[in-house]
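Engineer: Have a look at the structure that comes next, please.
What follows draws every value from the coordinates through simple rules; no lab data is involved. No experiment lies behind these values; they were computed from the predicted model shown. Ideal geometry is used to build each Cβ from the backbone, glycine not excepted, and the neighbour counts take in all protein chains shown.
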């Protein structure tokens with residue numbers, strides 16, 4: 001990319017530094033010549049504007065395209081340089097912000113919007129960056145826009161809002177995020193057709209989107225410019241199930257069901273109560289299924305035992321549960337990419353759950369190792385993040401450390417030295433709302449960088465993937481105690497492997 005001339009142009013090293021994720025070199029090069037960021041790569045060509053290459057792309061475009069991974073340090077370094085135009089269009093007509101959306105780089109979207117990038121600039125076909133995100137189902141980018149206060153009811157060249165665009169294309173995740181936005185315009189009409197988002201989804205037969213819009217308060221009786229309601233469009237297009245769904249909602253005056261968090265603890269006795277034998281058998285199966293013969297430093301590289309579940313206690317704590325539900329609902333307002341490979345998701349456990357997991361917030365059951373005498377206090381008052389690491393340390397910084405493997409959680413478990421639980425160990429089986437996790441695959445994690453990631457609204461937990469880099473286990477770390485509900489206490493015995 002670029003000519004690499006040293007006569008008033010940007011040094012090729014700067015472009016290579018972007019591709020290497022080396023923001024230090026960028027800053028050093030720009031200190032030597034602060035004005036070079038606004039100089040064309042090929043100034044001898046009369047067809048290339050100042051500060052652009054032969055494709056009309058600036059250094060900002062290059063940073064959006066080429067900075068590796070999800071990092072944005074180079075982008076931040078580049079947009080802070082004098083003379084940089086963060087709204088410049090390339091020859092293909094795209095601003096850096098629009099390009100970031102097309103690439104699905106929600107971190108770059110946040111950086112550019114915070115730096116003042118214009119959000120209402122339209123492409124040649126009349127789409128704003130938010131419309132591009134809706135059309136491409138880039139829900140994470142939509143969430144980034146919402147977090148930055150971007151209005152969601154702006155219209156494109158055809159008079160459609162992003163919600164209408166996403167609904168018509170059946171992009172469920174994007175619709176879910178957009179309807180959480182302030183002034184979401186769920187019943188706004190398109191300028192030309194007067195179609196609402198519900199009209200658009202009904203006409204294209206996207207049942208799940210129609211159902212979601214109805215529950216969010218979409219008007220089933222809205223009439224478009226042709227005098228048709230959403231149900232009329234669905235029937236006309238032959239979408240029988242959608243038409244029936246809308247017909248039923250019409251009879252109910254368009255009042256969609258609003259999902260409310262269910263406590264699950266009403267009339268339950270507060271505190272720890274012994275679970276029945278069927279639950280003990282299911283927990284045993286879960287511990288067996290997630291057991292792994294991999295030793296680590298945390299168990300001093302000693303052998304991994306097998307586990308025999310002696311007792312399972314169900315925790316009923318209405319206060320902790322309400323806090324957990326409230327936090328889970330907060331997370332549900334954000335885009336979350338669903339995890340599909342968590343090892344505790346096994347049929348024998350899932351089939352017996354009284355309240356199914358909320359997959360849309362990456363809710364899972366995870367283990368947390370402790371000791372029998374500590375169980376009662378945790379189940380009563382919740383986790384204390386300030387005490388994290390008092391047993392085995394904090395490789396990923398402070399937080400509540402959970403595991404998908406019973407063998408990993410056992411590394412943190414301790415036995416009682418006396419009393420009725422003498423010689424027995426304990427772990428908690430917790431409901432955990434991971435939300436959108438920051439994945440860490442570093443041998444030596446950068447704790448400060450992890451903390452910085454968690455300060456953003458779009459990251460809710462950390463997954464330390466040492467299974468990938470060391471062949472051992474993944475750890476799941478949460479810094480908000482409200483995201484972990486201690487559902488069951490498991491008392492067990494270690495046996496010879």
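Engineer: If you average 1/r across every pair of different Cα atoms in the stretch 334-424 and take the reciprocal, what Kirkwood value do you get, in Å?
Structural biologist: 15.3
Engineer: Could you tell me which of rounded, prolate or oblate describes the stretch 322-381, using a ≥ b ≥ c as the square roots of the eigenvalues of the alpha-carbon gyration tensor, with rounded for a/c under 1.5 and, failing that, prolate when a/b is larger than b/c and oblate otherwise?
Structural biologist: Cα axes put the stretch 322-381 in the oblate bin.
Engineer: Right, next: Could you line up 189, 455 from fewest to most neighbouring Cβ atoms inside 10 Å?
Structural biologist: 455, 189
Engineer: Return 305, 206 ranked ascending by Cβ neighbour count within 10 Å, so the fewest neighbours appear first.
Structural biologist: In order of increasing Cβ crowding within 10 Å: 305, 206.
Engineer: For the stretch 78-184, what size does the Cα cloud have along each of its three principal axes, sorted from largest down, in whole Å?
Structural biologist: 41, 26, 22
Engineer: While we're on this one: Hey, fewest Cβ within 10 Å first, where do 366, 172 land in order?
Structural biologist: 172, 366
Engineer: Right, something else. Relative contact order of the chain, please, whole-number percent, based on alpha carbon pairs below 8 angstrom and at least 6 residues apart.
Structural biologist: 10
Engineer: Quick one, can you get me the convex hull of the C-alpha atoms of the stretch 381-497 expressed as volume per residue in Å³?
Structural biologist: Given the Cα convex hull of the stretch 381-497, per-residue volume reads 119 Å³.
Engineer: For the stretch 207-246, what D do you get in µm² per second when you plug the Kirkwood radius from alpha-carbon pairs into Stokes-Einstein at 4 °C and 1.567 mPa s?
Structural biologist: 127
Engineer: Could you calculate the contour length gain from residue 455 to residue 415, that is, 0.36 nm times the residue separation minus the distance between their Cα atoms, to one decimal place in nm?
Structural biologist: 10.8 nm
Engineer: When the convex hull of the Cα atoms of the stretch 12-251 is projected onto a plane and the area is averaged over all directions, what value comes out in nm²?
Structural biologist: 13.7
Engineer: By how many nm would the segment from residue 28 to residue 114 grow when fully extended, if each residue of separation counts as 0.36 nm and the alpha-carbon distance is taken off?
Structural biologist: The span from residue 28 to residue 114 would gain 28.6 nm if fully extended.
Engineer: Can I ask one more? Let me have the relative contact order for the stretch 357-496, percent, based on Cα pairs under 8 Å that are six or more residues apart.
Structural biologist: In percent, rounded to a whole number, it is 32.
Engineer: Here are labelled values, (1) 23, 57, 19, 1; (2) 23, 51, 23, 4; (3) 21, 42, 31, 6, 0, and one is the computed P(r) over Cα pairs in 20 Å bins from 0, in percent for what I pasted. Which one?
Structural biologist: (3)
Engineer: What nm distance separates the two modelled labels at residue 276 and residue 319, each placed 7 Å from Cα along Cα→Cβ?
Structural biologist: Result for the modelled spin labels: 3.1 nm.
Engineer: What is the diffusion coefficient of the stretch 271-495 in µm²/s, taking the Kirkwood radius over Cα pairs and the Stokes-Einstein relation at 25 °C with a viscosity of 0.890 mPa s?
Structural biologist: This corresponds to a translational diffusion coefficient of 139 µm²/s.
Engineer: Right, here's the next one. Does anything in the stretch 151-171 have its amide N under 13 Å from the 7 Å Cα→Cβ label point of residue 125, and if so which residues?
Structural biologist: Flagged as within label range: 157-158.
Engineer: Right, next: Run the numbers for residue 380 and residue 92: contour at 0.36 nm per residue of separation, minus the present Cα-Cα distance, in nm.
Structural biologist: Length difference between fully extended and current span is 97.7 nm.
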